[in-house]
Amino acid sequence: MSEKILVTQSSMPPLNEYVDLIEDIWQSRRLTNMGKYHKEFQAELKKYLVTENIELFTNGHMALELSLQAMNFQNGRNEVITTPFTFASTTHAIIRNGLIPVFCDINFENYTIDVSKIEKLITDKTCAIMPVHVYGNVCNVEEIDRLAKKYELKIIYDAAHTFGVRYKGISTANFGDISIFSFHATKVFHTIEGGAACFRNEKIGKKLYNLKNFGINGPESVEDVGANAKLNEFCAVMGLCNLKHIDEEIAKRKIAYDRYIENLSDIEGLKLNKIPDEIQSNYAYFPVVFDEKVFGASRNEIFDRLAKNEIYVRKYFYPLTNSFECFHGIFDVSQTPTALYVSNRVLTLPIYSELDLNDVDRICKIILELKK
Ligand SMILES: *Cc1c(COP(=O)(O)O)cnc(C)c1O
């Protein structure tokens, strides 16, 4: 009980289930390069994510980066509309492709891209929109679709947070031209490290397959300047094991989630993340936005007080990606005021399947003791 509590804890399948499959890999000596378990895992994911088209990667970031490359934008069209309220990966994927991120603000309702502000940012150089389903909250996919059609733009969703999430019954793998997932150890579902891109167009799928294998497209032919981003067999097997238990994992997260809601509902100055009826959630994160003027304590004070009690929450996402030092001030954070507001006030509280409900109560008690 009085042990350190971190913001997340990786889910682990029963060890024997993993070892059984590892033994088979040992015998076969086939460790990577789209082996038997890579194929099997891919097939199982198609079922779980309800999608026909999925390519696996060594991590979510490479899925994003190579998805942009696969689009092969032409004619000097190099601007990608995105948000700064995300993990470094989203923005880096754009810049590492030689493209320019154009930052759109987020909405205060669910922290995803503010669709009312996209149109003003579209120029004749815009090639794509890269929105993020932040915290597993689904973007306004209908409006984004409409804009993309109207201006002939591609849509690549950073769906890293939405494994297992459904919107109006539809798996988030099925929105946009491509939706990418992360299977990092800290995510709801993981393969230690891993990721996937779910795509609509067969040609893009072939491209993605080649790009993760150096751009090799035949025994004596290299068509693209690809990377190496293949998911290895040990990771594929971890995915197969975790996938068997994923529904149970999500159900356990919901119990912790509901306990937080019980403790923290209707507290002035404290905004919780609402899950609308049309969303089937994966309870990936528990973000809380603190308004210091009303609550009486700042986000940083709460962060520090929890840390004194060995509870390590996260300022997620802080800082905004458009303020990273690696960009040397070329972006203007005042262009995304809602993102800036939330980023300065948000904490994500610990949530994972094995989180003890007594610990949830204790975390909430420490927070509420700071209320003035
Ligand atoms: C985790 C994450 C990524 C990157 O995924 P990796 O598997 O860690 O490379 C990208 N975008 C978001 C929003 C993420 O949370």
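Laboratory data are not the source of any read-out in this text; all were calculated from the coordinates shown. Only a predicted model underlies this, so the values are computations on that prediction, with no experimental measurement involved. Note that each Cβ is placed from the backbone with ideal geometry, even for glycine, and that neighbours are counted across all protein chains shown.
Hydrophobic, long helices, defined as DSSP H runs whose alpha-carbon span along the helix axis is 24 Å or greater and whose mean Kyte-Doolittle value is at least -0.5, occur in the chain at 233-264. Here the extension length gained between LEU370 and GLU268 equals 35.5 nm, from 0.36 nm per residue of separation less the Cα-Cα distance. Measuring nothing but how far apart in sequence close Cα pairs (under 8 Å, 6+ apart) lie, relative to its length, region 183-305 scores a relative contact order of 18 percent. Applying a threshold of 19 Å to the alpha-carbon distances of LYS46/LYS274; LYS168/LYS274; LYS187/LYS315; LYS207/LYS244; LYS271/LYS308; LYS149/LYS206 flags LYS46/LYS274; LYS207/LYS244; LYS271/LYS308; LYS149/LYS206 as lying beyond it. Extending 7 Å from the Cα toward the beta-carbon at both VAL225 and LYS47 defines two label points whose distance is 4.2 nm. The value given for the chain is a Kirkwood hydrodynamic radius of 21.5 Å, derived from the mean inverse Cα-Cα separation. The ellipsoid that matches the Cα gyration tensor of region 191-248 has semi-axes, each √(5λ) in whole angstrom, of 27, 14, 8, with the longest given first.
Rg and Dmax over the alpha-carbon atoms of region 249-348 stand at 15.4, 44 Å.
Proximity of backbone amide H atoms, modeled 1.01 Å from N, is registered between ILE106 and ASP114, THR338, ALA339 at under 5 Å, excluding neighbours fewer than 5 places apart on the same chain. Normalised by the number of residues in the chain, what is the relative contact order in percent for Cα pairs under 8 Å and 6+ residues apart? Worked out over the chain, it gives 22 percent.
Taking amide H as placed 1.01 Å from N in the peptide plane, LEU153 has no amide H partner under 5 Å among residues 5 or more places away or on another chain.
Every helix of 4 or more DSSP H residues in the chain counts as -39500 (n - 2.57), and over all residues that averages to -11500 deg cm²/dmol at 222 nm. Compared with the alpha-carbon gap, the fully stretched path from SER298 to TYR341 is longer by 14.2 nm at 0.36 nm per residue.
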